[in-house]
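K.L.:
So that we are looking at the same thing, I have put the structure below in C-alpha cells.
The values are calculated or read from the model by the stated rules, or taken from the named source; none is laboratory data. None of these values were measured; they are calculated from a predicted model. Neighbour counts run over all protein chains shown; Cβ positions are idealised from the backbone, glycine included.
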Amino acid sequence: MHCLRCNRELVTGQKSVALYMFAQTVGIKPRQKSMAHRISFCPQCSVSLAMGPPPEGALNMAAWDMIRDLVASDPALNRAAWESMGGVSGLLPATGTDGGPRSAQPGGYFEF
C-alpha cells in the first residue's frame with residue numbers, strides 16, 4: 001500500500017490515515033453496493049492536506065473535510081507526522097540556539 005499523495009510505501013501496522021470509499025444505490029430495489037476501496041495517506045500528507053486550502057471538486061472536498069476532522073480531533077496524528085520527520089529535525093538549528101556568538105545592542109534594547 002502507498003500514500004496516495006506522495007507515493008511513500010506504507011507498511012502494515014504503520015501509522016496512516018485510510019479513507020474507505022464505496023457506492024450504494026438508495027431507493028432502488030434490489031440495493032446494489034460496490035466493493036469498498038481503501039485510500040491511504042501517510043501522517044505528513046494527512047496533516048499537510050488538512051492545513052492547506054480546500055481542493056476543487058465535491059468528492060475531493062468531502063474527503064478533505066473528513067481528513068480535517070481527524071487531524072483536529074486528536075493530536076496523535078500530528079505527533080506521528082513529527083515523529084516520522086525525525087531525521088529532518090537535525091538539519092536545521094532552532095532559532096537562537098545555533099551556538100553562534102550573540103552581540104548586545106547598544107542602549108540596552110534589541111533592534112528588529
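K.L.:
Run down G96, G108, G100, G90 and say which single residue is closer than 28 Å to H2 by Cβ and either modelled with pLDDT of 90 or more or not charged (D, E, K, R) (or both).
P.N.:
One residue alone meets the criteria, G90.
K.L.:
Sort out which residues of the stretch 3-20 are assigned to a strand (DSSP E or B), free of Cβ contacts under 8 Å to residues at least 24 places away in the same chain and out of contact with any Cys (no Cβ under 9 Å at 6 or more places or on another chain), and write them in order of number.
P.N.:
Hits for the stretch 3-20 are A18, Y20.
K.L.:
So which of S73, S48, S40, S84 is surrounded by fewer than 13 Cβ atoms within 10 Å (Cβ to Cβ) and of a type in the set (S, T, N, Q)?
P.N.:
It is S73.
K.L.:
Can you list residue pairs whose Cβ atoms sit under 6 Å apart, with the first residue in the stretch 22-33 being closer than 21 Å to A62 by Cβ and modelled with pLDDT of 90 or more and the second being in a loop (DSSP other than H, G, I, E, B) and among the basic types (K, R)? Count only pairs 6 or more apart in sequence or on different chains.
P.N.:
Qualifying pairs under 6 Å: T25/R31.
K.L.:
Residues in the stretch 34-66 that are part of a helix (DSSP H, G or I) and either in contact (Cβ under 8 Å) with a residue 40 or more places away in the chain or not aromatic (F, W, Y) (or both): how many?
P.N.:
Total satisfying the criteria: 17.
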